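Let me begin by presenting the structure, written as structure tokens, before commenting on it.
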Amino acid sequence: MSSVFRLGLIINPLAGLGGSVSLKGSDGVAEQALALGAEPLAGKRSQTALSELMALKDRLLIKTVAGTMGQQLAEQLGFHCKVCYQAITEPTTAEDTEAAARALAADGIDLLLFAGGDGTARNICAVLPEQVTALGIPAGCKIHSGVYAISPTAAGKLVASLVRGELVSMRQADVMDIDEQAFRQGVVKARRFGELSIPAALQYVQSVKMGGRESEELVLDDLAAWVVSQMDEDVRYVMGSGSTVAAVMQQLGLDNTLLGVDVVENGQLIARDVTASQLLALVKDRPSKLVITLIGGQGHVFGRGNQQLSPDVIRAIGRDNIWLIATKTKLQQLSGRPLLADTGDAVLDQQLQGLIPVLTGYNDYVMYRLGEAD
């Protein structure tokens, strides 16, 4: 069996337990969830994924974990199986997931397929060597990470493509998680914990979670956290108007002029609700960057509600120092129409045109056209 595809398999049997009993997650509440009548789902979702591989059994060796963390299901479905790790405790823990990932990687695998939620992805990310490719079967209460297939069936189909030797691109995807204790209190606090190399067939792999009111809060928190993490010392940051930029100011713990322009340096608010002339004096001949968003539905970046950003101010800052931030939902509302600059200076409007990176999540950018298409 030297030429077979070596598929690593880890199932977190506790993943998703808290969802059906309204515990908003499973971290630290597995026993409570079971007491409330929650039924484990990770095994069933893993079975759905592996069912897509049944016709390829002779080309597969599943390297896995004893018992409910993989062996039981793999053998039940009739796959060739090798146990590489035995969980220390029952029920299993995050430490078991990490130890299993280490053991499987050390034994040699072509792909690690794991079932769980964002907590499981964090555990995998913390220990998996960067050269090992992984893919998640979504089975948790919260799936904000971009390392999961869009469904268990999609995960199985993507692995099948790899087993058949089809060309599948790879990419780096973010591992995200929220603070479940805070979430249970109605507060969404998201963090990026790293990235995993995943197969990149986009029809099968989800983006970092984006829909609905709750995820909108998550995306804004992601945006703000990334902007703050990239701020340099002794640089003046001009903070444009709007609620998206306000999220950055909130992350900094600073008062914000929602419909005005503020200036921040070294984490401190040095000027608020400035005029165009005041702003020019602050940024002229000083390292400066502009944090700005667009008007939803219209797409205007300059010239609507932010006339403080005069042509002289924009030129002093420079196009390369513009940090444009917006959720993907906000961009999708434009239905492909370009972003707009109406600075009052036709030459500058022309100079601003072209593709510009838009930060849409934590270290997540898309390229979007500013100005009329050529």
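The values are calculated or read from the model by the stated rules, or taken from the named source; none is laboratory data. None of the values given here were measured: they were computed from a predicted structure. Using ideal geometry, Cβ is built from the backbone for each residue, glycine included, and neighbour counts are taken over all protein chains shown. The accessibility values were calculated without ligands, DNA or RNA, using every heavy atom of the protein model including side chains. Shrake-Rupley method; radii C 1.70, N 1.55, O 1.52, S 1.80 Å.
Identify, from the list T64, T68, T89, the residue that is at pLDDT below 95, in contact with a strand residue (DSSP E or B) (Cβ under 9 Å, 6 or more places away or on another chain) and either over 26 Å from R164 (Cα atoms) or not charged (D, E, K, R) (or both). Let's see the steps before the verdict.
On the way: T64 fails: at pLDDT below 95; T89 fails: in contact with a strand residue (DSSP E or B) (Cβ under 9 Å, 6 or more places away or on another chain).
Residue meeting the stated conditions: T68.
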Residue list for region 82-126, restricted to those being open to solvent by 40 Å² or more (accessible area, probe 1.4 Å) and outside any helix (DSSP H, G or I): K82, V83, Q86, I88, T89, E90, P91, T93, D110
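Which of the residues spanning region 332-346 are in contact (Cβ under 8 Å) with a residue 40 or more places away in the chain and of a type in the set (S, T, Y)?
Going through region 332-346, the residues in contact (Cβ under 8 Å) with a residue 40 or more places away in the chain turn out to be 339-344.
Selection gives T343 alone.
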Any chance G240 is more than 25 Å from the chain's Cα centre (by Cα) and open to solvent by less than 60 Å² (accessible area, probe 1.4 Å): no
Residue that is least open to solvent (accessible area, probe 1.4 Å) [pool: residues in region 67-81 that are among the small types (G, A, S) and not in a loop (DSSP other than H, G, I, E, B)]: A74
I'd like the full set of residues that are touching a residue at least 24 places away in the same chain (Cβ under 8 Å) and either small (G, A, S) or assigned to a helix (DSSP H, G or I) (or both), limited to region 250-267. Q250, Q251, L252, G260, G267
Please work out which one of (1) within 25 Å of L60 (Cβ to Cβ); (2) part of a loop (DSSP other than H, G, I, E, B); (3) touching a strand residue (DSSP E or B) at 6+ places or on another chain (Cβ under 7 Å) is the condition S145 fails and give its number. (1)
Search result, residues across region 247-258 that are of a type in the set (A, V, I, L, M), closer than 14 Å to E217 by Cβ and surrounded by fewer than 20 Cβ atoms within 10 Å (Cβ to Cβ): none
Can you pull out the residues in region 55-66 that are open to solvent by 70 Å² or more (accessible area, probe 1.4 Å) and either of a type in the set (A, V, I, L, M) or not in a helix (DSSP H, G or I) (or both)? A55
Matching residues, region 258-301, being under 30 Å from R337 (Cα atoms), at pLDDT 90 or above and not aliphatic (A, V, I, L, M): D262, S288, K289, T293
Take the residues of region 304-363 that are at pLDDT 90 or above and assigned to a loop (DSSP other than H, G, I, E, B): which is surrounded by the fewest Cβ atoms within 10 Å (Cβ to Cβ)? G318
Does any residue in region 347-365 that is hydrophobic (A, V, I, L, M, F, W, C) come within less than 7 Å, Cβ to Cβ, of a residue that is assigned to a loop (DSSP other than H, G, I, E, B) six or more places away or on a different chain, and which pairs are these? L352/G371; V358/A326
Flagged in region 199-239 as among the basic types (K, R) and either at pLDDT below 85 or part of a loop (DSSP other than H, G, I, E, B) (or both), in numbering order, are K209, R213
Here's a check for you: in region 269-294, which residue that is part of a loop (DSSP other than H, G, I, E, B) and under 15 Å from P311 (Cβ atoms) is least open to solvent (accessible area, probe 1.4 Å)? T275
Under 20 Å from Q76 (Cα atoms), of a type in the set (G, A, S) and either part of a loop (DSSP other than H, G, I, E, B) or at pLDDT 80 or above (or both): is that true of G19 in this structure? no
